[in-house]
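Participant: First the structure, then my questions, so here it is.
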Amino acid sequence: MIRISDITVRFGGVVALDSITAEISDDVIGIIGPNGAGKTTLINVLSGFVRPEAGSVDVDGLNLLTLTPFRRARWGLSRSFQKLQTAAELSVENLVRVGLDHCSSPNAEKDAAIGRALEFVGLSRLRNTKGGDLNSQQQRMTEIARCLVNSPRIVLLDEPGGGLGETEAEALRTIITDIRSSFGAQVLLIDHDVDLIRATCSKTIVLDFGKLIAFGPTETVLRDKMVQAAYLGQGPGQ
Ligand SMILES: Nc1ncnc2c1ncn2[C@@H]1O[C@H](COP(=O)(O)OP(=O)(O)OP(=O)(O)O)[C@@H](O)[C@H]1O
Ligand SMILES: [Mg+2]
């Protein structure tokens, strides 16, 4: 159970998150909302990239916000990034190895974890390919594999579906759905692809201008009038 309580983040005059509270016990939970709603900021707070001015994030009696980002990673928090910034000269294997930087386990164990994560996302045969030679789908999958190598407890995915075609999006659905059973981690998934959210998330949080305007079963949330209005012109559920 992840208990997010009263998280507030301000950037100058912008209230990026306005006293956000939510209890998350599901395997995969969605976070949706229009551009600038605060979705990435929420992931930044959880992973330690942004310090909120108020609030706590409690997991099994531990306030994650008291840990440095490094210790959060060691505790089992992984995140992917919305903007792809794949190092061109590193091999896929070494890009994934970055997810174990904080970890002191023996090399053989690390290699086994990398092999397993690569197989899970379907990148085994590209393990020696350089980052600069990957297409955007392969870069997204490399990001996900990096999030899975450290025996994660929570995986935060920031628009992993960005720029994927239909077949690739289908493969991504299976991958996200299987993370809990294969790796044991809870997943928080930000995406603008409502079909992906619908297919993978039992519950969904909706943010709009920093406020949580809905949180509940995904289908109910997507039918909510306030949610539809927030998305005017971007329309979830079409
Ligand atoms: N480091 C920052 N400095 C100043 N303002 C920021 C910073 N990060 C985010 N913001 C602002 O906070 C608000 C929330 O941004 P955030 O990136 O969390 O939105 P988002 O929901 O992830 O949007 P998108 O769907 O476009 O990725 C926006 O108004 C954004 O301009
Ligand atoms: Mg974002």
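Only the coordinates and a few stated rules stand behind these numbers; no lab work does. Treat the numbers as computed from the prediction; the structure is a model and nothing was measured. Glycine gets a Cβ as well: all are built from the backbone with ideal geometry, and neighbour counts include every protein chain shown.
Participant: Once phi is turned into ³J(HN,Hα) by the Karplus curve 6.51 cos²θ - 1.76 cosθ + 1.60 with θ = phi - 60°, what whole-Hz value does each residue of the stretch 26-39 show in order, with x for glycine and proline?
Facilitator: Values, residue by residue: 6, 5, 10, 10, x, 10, 10, x, x, 4, x, 6, x, 4 Hz.
Participant: OK, next. Assuming 0.36 nm per residue, please report the length gained on full extension of the stretch Met1 to Phe49 beyond their Cα-Cα distance.
Facilitator: Full extension from Met1 to Phe49 adds 15.1 nm.
Participant: Would you mind pulling out the separation of the Cα centroids of the stretch 48-118 and the stretch 1-45, in Å?
Facilitator: 19 Å
Participant: Considering only lysines 8 or more places apart in sequence, or on different chains, count the pairs in the chain whose C-alpha atoms sit under 22 Å apart.
Facilitator: Lysine pairs meeting both conditions in the chain amount to 9.
Participant: Using the per-residue mean of other Cβ atoms lying within 10 Å as a proxy for protection, in what order, highest first, do the peptides 33-43, 77-87 fall?
Facilitator: The densest-packed peptide leads the list: 33-43, 77-87.
Participant: Okay, next question. If you scale each eigenvalue of the Cα gyration tensor by 5 and take the root, what three semi-axes come out for the stretch 162-227, rounded to whole angstrom and sorted largest first?
Facilitator: Semi-axes from the Cα gyration tensor: 22, 15, 11 Å.
Participant: For Gln82 and Thr174, what does the FRET efficiency come to when R0 = 22 Å and r is the distance between their Cβ atoms, rounded to the nearest 0.05?
Facilitator: On the way: r = 22 Å, r/R0 = 0.98.
Efficiency computed from Cβ-Cβ geometry: 0.50.
Participant: Separate question: Working from Cα positions, state the angle (0 to 90°, nearest 10) between the long axis of helix 136-148 and the longest principal axis of the chain.
Facilitator: That works out to roughly 90 degrees.
Participant: Cα axis of helix 107-121 to longest principal axis of the chain: angle in degrees, 0 to 90, nearest 10?
Facilitator: 60 degrees
Participant: Based on the Cβ-Cβ distance from Ala112 to Glu89, what FRET efficiency comes out when R0 is 25 Å, to the nearest 0.05?
Facilitator: Efficiency, from the Cβ-Cβ distance: 0.50.
Participant: Can you work out the FRET efficiency for the pair Ser19 and His102, with r the C-beta to C-beta distance and R0 = 30 Å, to the nearest 0.05?
Facilitator: The pair Ser19/His102 has a calculated efficiency of 0.45.
Participant: I need to check one value: relative contact order of the stretch 2-230, counting alpha carbon pairs closer than 8 Å and at least 6 residues apart, in percent.
Facilitator: Answer for the stretch 2-230 is 27 percent.
Participant: Oh, and also: Compute the long axis of helix 166-183 from its Cα atoms, compare it with the longest principal axis of the Cα atoms of the chain, and write down the angle in degrees, 0 to 90, nearest 10.
Facilitator: That helix lies at roughly 80 degrees to the long axis.
Participant: Turning to a different aspect of this structure: So for the pair Arg74, Thr8, with labels modelled 7 Å out along Cα→Cβ, what separation do we get in nm?
Facilitator: 3.3 nm
Participant: Let me ask something additional. Taking each pair of different alpha-carbon atoms in the chain once, compute 1/r for the pair, average those values, and report the inverse of that mean as the Kirkwood hydrodynamic radius in Å to one decimal.
Facilitator: 18.1 Å
Participant: Something else: So which chymotrypsin sites (Phe, Trp or Tyr not before Pro) in the stretch 1-77 end up in coil per DSSP with only 13 or fewer other C-beta atoms within 10 Å?
Facilitator: Within the stretch 1-77, the qualifying chymotrypsin sites (Phe, Trp or Tyr not before Pro) (loop, at most 13 other Cβ atoms within 10 Å) are Phe49.
Participant: Under a point spin-label approximation (7 Å from Cα along Cα-to-Cβ), what is the Leu65-Lys211 distance to one decimal in nm?
Facilitator: Label at Leu65, label at Lys211, 2.1 nm between them.
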